[in-house]
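Just so it is clear, none of the values below were taken in a lab; they were calculated from the coordinates. The structure displayed is predicted, hence computed values, not measured ones. When we count neighbours, we look across all protein chains shown, and the Cβ atoms used for this are built from the backbone with ideal geometry, even at glycine.
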Amino acid sequence: MALTRRRFLTNTTAAGVATFATLQFGAPGAYAQTEEGTISIALAARAPSGINPQQSGLTGGDNWAIYQVFNGLVQSRPGTFAVTPDDFQPALAESWDVSEDARTWTYHLRQGVQFHHGYGEMTSRDVMFTYGRQIDPDVISAGKVLFNNIESIDAPDDYTFVVTLVRPDPLFNASTAVTLAASILSQDAFEEKGEDFNFDPVGTGPYFVESTDESSILLTAFPDYWDEPAATEHVRVSFIADTTARTLAFASGQVDMIEGVRQPGWIPTMRQRDPDTIFDATAPGSFNTLHLNLEYEPLDDIRVRKAFRYAIDSAQIASAFGELSTPMVGIIAPQFAGSVTREELPEELQYEYSPEKAMELLAEAGYPDGITIPAYTSQREDYSTIMLIIQEQLRASNINLDLDIIDHATMHAENNLAKNSVALNSSSFPPVPTLPFLQRLAAPADAKPDGSGQGNYSHYGVAIPGIDDLLDQAQDEPDFDKRIEVIEEIERKVLEDLPLLGIITLSYVIARNPRIDLGFDVESGYAYWPLNQARIVS
Amino acid sequence: MGRMIGLRLIDAIPTILLVLTLVFVALRILPGDPAQVALGDMATPAQLELFREQMGLNLPLWQQYFIFLWDMLTLNLGRSLVSNVPVASIIAANLPYTIELTLVATGMGVIIGVPLGVLAATNRNKLPDSGVRVFSLIGYAIPDFYLGALMLIVFSLNLGWFPINGGGTDFLSRLHHVFLPALTLAMVKSAFLGRLTRTSLLEVLGKDYVRTARAKGARENRVIYRHGLRNALLPVTTGLGLSLLATLSGSVAIELVFNRPGLGETLIGAIAERDYPVIQAGAVIFAFFVVFINLLIDIAYIAIDPRIRVQS
């Protein structure tokens with residue numbers, strides 16, 4: 001058949017319409033819309049990565065959904081962090097005992113707890129399965145490092161679960177049992193569903209997964225929940241990565257809550273548009289600390305590191321972020337046990353902001369005309385904002401930070417190859433005071449040029465003697481109060497050597513439409529909280 | 001015709017192979033460890049090693065390359081390193097939105113741009129011509145992501161006529177969702193097509209056969225649309241093809257601004273997460289589209305210009 005112009009135009013038009021129609025009906029998916037009886041929250045992530053708490057690569061958005069679908073053995077009071085051993089509340093475990101040496105933890109499980117979709121009662125078999133996967137070195141799973149201290153697990157009967165630790169841990173509930181990675185999975189469902197469990201999970205939480213698509217997860221209240229049933233029938237967790245799109249979705253009323261932007265000026269701008277908007281922020285949020293590379297000249301000189309400390313005004317940086325931030329003195333956030341306050345420190349460790357003192361120290365170290373140090377940081381908004389302020393502050397003390405701003409994954413990769421001289425790091429830690437030191441300053445975590453190391457970009461404990469002995473002492477101490485005393489000693493030692501500077505904490509923030517009542521106030525905690533008490537009030 | 005399509009497809013093989021190689025090499029040069037991104041900065045070295053081993057990331061590069069080529073040849077797109085979801089299903093969920101956006105934007109661009117070009121050409125150096133010129137300048141000058149954000153604020157947030165984000169569910173909702181992002185892309189496209197149509201039509205209207213048609217007493221409309229526009233369409237078709245490719249790449253930014261699902265938005269996220277299988281599959285699909293659209297342009301030439309048909 002000859003191809004004519006008329007036939008070409010007719011055929012292409014028909015093909016175009018047919019293609020469009022096919023796409024309309026062929027593609028799955030639904031985007032977040034305001035729905036009756038549904039609370040919707042939009043998080044800063046591209047798409048769901050999974051609703052399985054042990055899946056690697058989970059984003060903050062996934063965590064929100066997971067937290068509504070699963071339970072752990074223990075929980076903290078909604079909207080707070082459990083900071084001391086007495087702060088924990090029962091969840092799937094009704095009670096627990098800890099041995100005197102803080103190495104044996106026995107959990108007495110709640111009876112009659114049902115899994116979603118008729119997968120039966122939760123028993124110690126499911127708990128053994130969940131923890132068993134986390135301590136199995138051949139299974140790749142999220143948060144595995146939190147289970148490193150477990151020597152063995154046991155289930156003497158259906159409702160008792162026993163954990164034996166390698167080293168004492170009076171805060172085992174905080175370091176492991178309360179974390180999302182320790183959420184209890186249904187063994188039967190996991191084994192039956194295989195890979196599909198990732199998006200069709202079975203837990204014991206107040207909500208079960210109704211449906212998922214490429215940009216949202218719809219949760220429905222679980223009528224057989226072991227505690228009070230959820231106050232609202234549905235929760236939609238949506239994923240909107242772009243800040244503008246997310247903010248506009250909130251401003252237009254399309255979603256009830258959005259993950260905020262941790263940048264100066266965001267909250268005032270939002271308040272200007274609608275003064276009734278509620279901002280729920282967790283304190284402390286992330287710890288923003290600055291690694292000084294002890295193997296990089298002239299940072300190997302304590303006088304230069306002290307000059308850095310005097311030249312950086314953490315309070316000014318914190319004030320730029322308004323109510324989202326608090327200045328840090330040491331490495332532990334001021335809200336956590338083990339932290340030190342400026343007032344209780346000797347004068348020489350208080351490091352009151354003083355560019356003059358910084359310049360004096362530089363001159364004493366042989367740099368009367370100042371120094372130039374190359375460094376790089378991530379383009380992520382919190383990293384770049386903090387580092388640009390630091391750069392300006394250092395400039396006033398004749399320290400020129402020659403700063404490159406690069407892609408976030410690249411920054412982490414380069415840091416892991418021990419290439420950065422001044423590395424800002426933003427990490428969220430549970431209230432387990434040994435963790436920041438183990439991750440950031442212990443010799444075994446030393447970053448190595450071949451990439452085999454971890455997050456000690458300062459090379460503390462390798463370039464100069466560090467805190468490893470003290471950390472050992474803290475980790476072997478079964479008594480919580482005594483352990484905290486050792487941690488405070490570590491804080492002081494770090495302030496003497498200055499391999500890592502505490503800069504600010506930065507809260508995780510959610511903007512909330514006042515039509516939603518959470519049922520509690522958000523004070524602290526992880527970057528997600530329960531929505532089972534949340535209700536639409538207007 | 002069939003032979004021509006066959007030859008063009010054979011021509012496309014080295015292009016696609018080159019794209020595959022470039023994507024593979026670029027990804028491996030790019031700093032960033034997929035294992036570290038997937039497992040987080042608290043992952044133990046043992047877990048990272050196990051992840052690399054399971055995902056084949058610690059094999060020699062040449063071996064990874066040939067496995068990648070074989071997988072692409074056998075349409076085995078693998079699984080996402082981050083979510084462990086089959087890449088084919090990620091593509092299947094997102095690609096329709098990108099195609100939909102590209103088609104609607106192109107349609108809108110033609111509907112707006114070609115008549116504007118005709119209007120400008122038939123009113124040369126008069127007010128409509130100047131108006132179209134100003135419109136084209138603005139269309140060229142405003143970046144599409146900025147225009148998109150403006151449109152969102154005006155038409156979605158303030159006037160509430162269109163949804164803020166998403167792709168829609170049923171037919172009408174999908175049309176409703178695609179309208180504003182497509183219009184954003186169409187503004188740039190219509191500026192380009194309008195200028196192209198004007199230039200091409202002015203050139204054709206100066207040809208002898210047009211003068212002859214007028215001398216024979218043909219009506220002006222017939223002269224312009226029958227004799228002029230048809231012959232002016234050849235360069236416009238080339239422009240349309242190029243603009244279709246530009247729209248496909250431009251859709252990446254628009255998908256982000258309007259938070260639409262789509263291949264571009266998926267690729268951006270995958271690059272940030274160093275999700276090699278998703279990036280590789282996405283890039284191959286984009287390359288396939290370039291080849292496919294070029295082929296369509298060739299076929300369109302033949303349909304529009306009989307002289308090419310005779311030569312081929």
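How big is the C-alpha Rg of the stretch A:135-208 next to the rule-of-thumb value 2.2 N^0.38 Å, as a ratio?
Values: Rg = 13.8 Å, N = 74, 2.2 N^0.38 = 11.3 Å.
Normalised Cα radius of gyration, the stretch A:135-208: 1.22.
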Inset, instruction - With just the Cα atoms of chain B, tell me how far they stretch along each of the three principal axes, in Å, largest first. - result: 85, 54, 34
Inset, instruction - Along Cα→Cβ, 7 Å out, is where each label goes; now give me the distance between the ones at B:ILE5 and A:GLU364 in nm to one decimal. - result: 8.2
Inset, instruction - Let me know the mean shielding of B:81-89 by other chains, meaning the per-residue number of their Cβ atoms within 10 Å of its Cβ. - result: 5
Inset, instruction - Working from Cα positions, state the angle (0 to 90°, nearest 10) between the long axis of helix B:127-141 and the longest principal axis of chain B. - result: 10
Legend entry - Around A:ASP276: net Lys/Arg minus Asp/Glu count, Cβ-Cβ under 12 Å: +3
Legend entry - Span from the the stretch B:190-265 Cα centroid across to the the stretch A:483-538 one, whole angstrom: 58
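Counting pairs of Cα atoms in the stretch B:2-73, how many percent are more than 16 Å apart? The partial results should precede the final answer.
Working: 1560 of 2556 pairs.
Within the stretch B:2-73, distances greater than 16 Å cover 61 percent of Cα pairs.
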Legend entry - Hypothetical label at B:ILE13: residues of the stretch B:263-307 whose amide nitrogen lies under 17 Å (7 Å Cα-Cβ projection): B:288, B:291-292
Inset, instruction - Taking the Cα centre of chain A as origin, sum charge times position over the Cβ atoms of Lys and Arg (+1) and Asp and Glu (-1), and report the length of that vector in debye to the nearest 20. - result: 2360
Legend entry - Principal semi-axes in Å for the protein assembly as shown [√(5λ), Cα gyration tensor, largest first]: 55, 32, 26
Inset, instruction - With all distinct Cα pairs included, what does the Kirkwood hydrodynamic radius of the stretch B:75-223 come out to in Å, to one decimal, could you say? - result: 18.2
Legend entry - Semi-axes of the equivalent ellipsoid for the stretch A:359-409, Cα gyration tensor, largest first, Å: 25, 10, 6
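Take A:PHE172, A:PHE437 and order them by how many other Cβ atoms sit within 10 Å, fewest up front.
On the way: A:PHE172 23, A:PHE437 28.
By the 10 Å Cβ count, ascending, the order reads A:PHE172, A:PHE437.
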Inset, instruction - Lys and Arg at +1, Asp and Glu at -1: add these up for the other residues within a Cβ distance under 11 Å of A:ALA221 and post the number. - result: -4
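Summarise the partner chain shielding of A:240-253 as one whole number: the mean count of Cβ atoms from other chains within 10 Å of each residue's Cβ. Mind dumping the intermediate values first?
Working: counts 4, 6, 10, 0, 11, 12, 3, 2, 10, 7, 1, 5, 8, 2.
If you average over the peptide's residues, the count of other-chain Cβ atoms is 6.
Any chance you could run the full-extension gain for A:ARG342 through A:ASP138? It's 0.36 nm times the residue separation minus the Cα-Cα distance, nm to one decimal. Don't skip to the end; give the middle numbers.
Details: separation 204, 0.36 × 204 = 73.44 nm, distance 4.55 nm.
Here the segment from A:ARG342 to A:ASP138 would lengthen by 68.9 nm.
Any number yet on Rg/Rh for the stretch A:298-339, C-alpha, Kirkwood? Each step should come with its number before you reach the end.
Working: Rg = 12.7 Å, Rh = 11.8 Å.
With Rg and the Kirkwood Rh in hand, the quotient comes to 1.08.
Using a 10 Å cut-off around each Cβ, can you sort A:VAL98, A:VAL329, A:VAL422 from fewest to most neighbouring Cβ atoms? Before the final figure, lay out each step's value.
Working: A:VAL98 19, A:VAL329 22, A:VAL422 26.
By the 10 Å Cβ count, ascending: A:VAL98, A:VAL329, A:VAL422.
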Legend entry - Label-point gap, in nm, between A:GLU195 and A:GLN111 - each point 7 angstrom along Cα→Cβ: 4.2
Inset, instruction - Evaluate E = 1/(1 + (r/R0)^6) for B:GLN63 and B:ALA272, where r is the Cβ-Cβ distance and R0 equals 22 Å; express this FRET efficiency to the nearest 0.05. - result: 0.25
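For chain A, what does -39500 (n - 2.57) per DSSP helix run (n ≥ 4), summed and divided by total residues, give at 222 nm, in deg cm²/dmol to the nearest 500? If you can, show how the numbers build up before the last one.
On the way: 14 runs with 152 residues, N = 538.
Counting only the DSSP helices, I get -8500 deg cm²/dmol.
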Inset, instruction - Summarise the partner chain shielding of B:254-267 as one whole number: the mean count of Cβ atoms from other chains within 10 Å of each residue's Cβ. - result: 4
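Of all alpha-carbon pairs in the stretch A:218-354, indicate the percentage at a distance above 27 angstrom. Don't skip to the answer; put the middle values down first.
On the way: 4390 of 9316 pairs.
Counting every Cα pair in the stretch A:218-354, those more than 27 Å apart make up 47 percent.
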Inset, instruction - Taking 7 Å along the Cα-to-C-beta vector as the label spot, tell me the A:ASP476-A:PHE520 distance in nanometres, rounded to one decimal. - result: 3.8
Legend entry - Proxy reagent accessibility, fewest Cβ within 10 Å first, across A:SER421, B:SER190: A:SER421, B:SER190
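Using a Förster distance of 22 angstrom, determine the FRET efficiency expected from the C-beta separation of A:LEU388 and B:LEU30, and round it to 0.05. Provide the component values of the computation, followed by the final result.
On the way: r = 25 Å, r/R0 = 1.13.
According to the calculation, E is roughly 0.35.
Give a quick list of GluC sites (Glu not before Pro) in the stretch A:310-381 that DSSP marks as loop, anything other than H, G, I, E or B, with at most 15 other Cβ atoms within 10 Å.
Details: sites: A:GLU323, A:GLU343, A:GLU344, A:GLU347, A:GLU348, A:GLU352, A:GLU356, A:GLU360, A:GLU364, A:GLU381; in loops: A:GLU343, A:GLU344, A:GLU352.
Loop-located and lightly packed - A:GLU343, A:GLU344, A:GLU352.
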Legend entry - Cα convex hull volume per residue for the stretch A:71-194 (Å³): 110
